[in-house]
1. Here is the link list: Lys416/Lys533; Lys226/Lys254; Lys429/Lys459; Lys145/Lys195. Which ones come out longer than 26 Å on Cα distance?
2. Expressed in nm to one decimal, what extension gain is obtained for the pair Glu447 and Ile293 from 0.36 nm per residue of sequence separation less their Cα-Cα distance?
3. Out of the total accessible area of the stretch 257-350 (probe 1.4 Å, heavy atoms of protein only), what percent is carbon and sulfur?
4. With all protein chains present and a 1.4 Å probe, how do Lys254, Lys434, Lys123, Lys92 order by accessible area, largest first?
5. Taking the alpha-carbon centroid of each part, what is the distance from the stretch 211-252 to the stretch 438-472 in angstrom?
6. Listed highest first by mean packing, meaning other Cβ atoms within 10 Å per residue, what order do 500-513, 339-352 come in?
7. Could you tell me what percent of the DSSP beta bridges with both partners in the chain are antiparallel, to the nearest 5?
8. Can you tell me the 0 to 90 degree angle between the C-alpha axis of helix 23-37 and the longest principal axis of the chain, rounded to 10?
Amino acid sequence: MSTTIQDKKNVVILFAGDSGDGIQLTGSQFTSTSALVGNDISTFPNFPAEIRAPQGTLAGVSGFQLHFGSVNVYTAGDVCDVLVVMNAAGLKANLKTLKKGGIIIANTDGFDPKNLLLAKFPKDVNPLTDGSLNEYELKTIDVTKLTKTCLEGSGLGTKEIDRCKNMFVLGFVYWMYNRNIDFSIDYIKETFKKKPEIADANIKVLKAGYSYGDTTETFMNRYVVKAAPMAKGTYRSITGNQAAALGLIAAGDKSKLKLFYATYPITPASDILHELSKHKNFGVGTFQAEDEIAAVTAAIGASFGGSLGVTASSGPGIALKGEAIGLATMLELPLVIVNVQRGGPSTGLPTKTEQADLLQALFGRNSECPVPVIAAQSPSDCFDAVYEACLIAVQHMTPIFFLSDGYIANGSEPWKFPKAKDLKDIHVKFTTEKNSENTFLPYKRDEKLSRPWALPGTKGLQHRIGGLEKEHETGNISYDPDNHEFMVRLRAQKVEKIADYIPEQKIEQGNGKGKVLVLGWGSTFGSIKTAVKELIDEGHDVSQAHIRYLNPLPKNLGTILRNYEKVLIPEMNMGQLLMLIRSKYLVDAIGLNKIKGMPFTAAEIKNRVIQLSKS
């Protein structure tokens with residue numbers, strides 16, 4: 001019987017199984033191939049919170065969700081069209097995300113009595129055979145057995161053969177969506193070029209999975225998802241952490257400063273270090289310190305010496321860096337602090353996303369210690385946002401926070417990368433001359449209220465640095481009460497003055513005045529964009545604004561907020577931006593909060609806006 005081919009505008013696939021099932025590789029390979037076809041894509045890798053959770057358990061389920069389409073997509077999708085599960089736990093943990101009538105592709109070997117028990121199914125209950133999945137299109141394949149059959153006589157051991165079974169699934173899904181397998185074959189050859197027997201085995205199983213779809217009557221339908229209407233240009237698929245790393249490199253290059261990145265590894269920020277360490281050819285210096293305090297102070301030292309000092313962590317690590325960030329504020333030296341947020345407090349949910357470090361970035365230090373804060377809204381936007389953070393740091397002589405989070409740090413999307421000539425110039429001027437009569441005043445201000453950047457060793461520009469309070473202009477140690485208050489206010493004014501140099505807030509979509517404004521920041525952008533777009537198409541009076549500059553806030557933000565009857569602020573925290581907006585602008589904004597370690601769905605935001613519109 002022949003199969004039919006159907007056009008699809010967009011599809012959401014979720015791959016799920018144990019960490020050792022190669023779920024992330026399977027998802028990322030399908031993502032890369034979809035990007036080559038020209039689809040718009042958005043991904044959501046969902047890692048287990050426990051590093052070595054027992055195999056087959058719900059805690060050990062690893063997931064990779066991919067939304068790809070011939071139309072523009074802004075999120076990894078609210079519900080799945082296809083759920084590929086390697087075991088019973090993968091099914092149980094993710095069935096709630098599959099839409100009714102959706103396709104389940106299940107590896108039957110992962111539903112033996114042991115796996116069913118580990119997934120906490122009742123005794124003698126198997127969802128593949130008890131009819132509980134009748135409202136879905138269930139396809140069962142003994143992937144494990146077919147993989148072993150395919151590799152009989154290969155000379156590989158049982159473990160090595162089992163590790164190839166994800167390639168069978170990948171090949172089968174490639175067949176379903178009419179995808180060319182050549183990209184993955186090239187990837188396998190390159191990855192295992194020193195282990196040709198492993199490469200051969202994976203390629204053989206990949207082809208077997210594709211042929212299985214071709215030669216069996218598992219599906220009567222195959223699907224085509226054509227290229228999306230993207231602007232012309234050269235694209236690559238990129239994650240938020242990769243984009244942040246490249247943004248830092250670009251900033252170092254455009255400013256002609258040596259990039260020095262000092263950090264202590266932590267999930268989900270570590271991939272930035274991994275990426276930067278590959279680019280020593282651009283003059284990038286990376287330093288894995290013994291702890292967070294050593295990392296941030298090393299970065300401060302690099303800035304003092306004339307480098308672009310950057311340190312990174314997640315919430316727990318940022319807490320440890322707090323005192324040193326205060327030192328950088330007192331020194332008034334450039335320092336970029338990257339915080340890839342995760343669920344907390346303490347070690348919390350290391351692999352899950354959250355936006356709960358906004359107040360930590362703004363106020364998480366002793367005394368009055370204001371620093372600018374900027375947040376990225378998507379994986380590719382991490383490049384632009386961190387680049388701008390570097391620009392602000394060196395041109396305003398200040399530490400600055402760049403906020404990302406686990407969702408966009410690990411998620412990916414197509415990125416039309418810029419040419420170097422299209423990036424803003426970052427002008428850096430090291431002071432070489434005395435700036436007062438026969439002396440050097442290290443804290444004499446320019447029109448930005450910034451002090452001069454004088455490198456140690458510059459003749460005649462000796463000056464004192466340290467954490468003790470500075471006398472105005474001279475930088476000498478001062479305990480004078482009036483001077484202290486003057487300097488505290490001056491440092492705050494310097495940060496506030498950055499508002500004169502950043503763009504005004506814009507309306508992302510919708511009218512400039514109206515009934516409901518959905519105001520967001522950070523990684524909620526895609527969900528809000530999707531929800532508001534659908535609502536506008538349905539005739540609702542709703543608009544969207546998304547804040548990039550969180551300190552100082554854009555100068556026109558208060559005016560914008562007062563143009564709407566209601567302001568809704570979705571956040572993956574208990575309402576941190578909500579508190580700031582209410583206190584600063586006295587606007588009775590309404591919060592929509594989610595603290596589950598998972599991003600918002602567009603439907604959650606859409607439903608709340610509809611409720612507000614009716615009230």
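1. Values: Lys416/Lys533 23 Å; Lys226/Lys254 38 Å; Lys429/Lys459 16 Å; Lys145/Lys195 24 Å.
Among Lys416/Lys533; Lys226/Lys254; Lys429/Lys459; Lys145/Lys195, the Cα-Cα distance tops 26 Å for Lys226/Lys254.
2. Values: separation 154, 0.36 × 154 = 55.44 nm, distance 3.30 nm.
Length difference between fully extended and current span is 52.1 nm.
3. Details: 1910 of 3200 Å².
The C+S portion of the solvent-accessible surface of the stretch 257-350 is 60 percent.
4. Working: Lys254 45, Lys434 110, Lys123 175, Lys92 85 Å².
So, going from the largest accessible area down, we get Lys123, Lys434, Lys92, Lys254.
5. Taking the Cα centre of the stretch 438-472 as reference, the centre of the stretch 211-252 is 50 Å away.
6. Numbers: 500-513: 14.7, 339-352: 20.4.
Most protected by this proxy first, the peptides run 339-352, 500-513.
7. Values: 28 of 84 bridges.
Percent antiparallel among DSSP bridges in the chain is about 35.
8. So the helix axis and the longest Cα principal axis differ by about 80 degrees.
The values are calculated or read from the model by the stated rules, or taken from the named source; none is laboratory data. As the structure is a prediction and not an experimental result, all values here were calculated from the model. For neighbour counting, all protein chains shown are included, and Cβ atoms are generated from backbone atoms with ideal geometry for every residue, glycine included. Heavy atoms of the whole protein, side chains included, go into the accessibility calculation; ligands, DNA and RNA do not. Shrake-Rupley method; radii C 1.70, N 1.55, O 1.52, S 1.80 Å.
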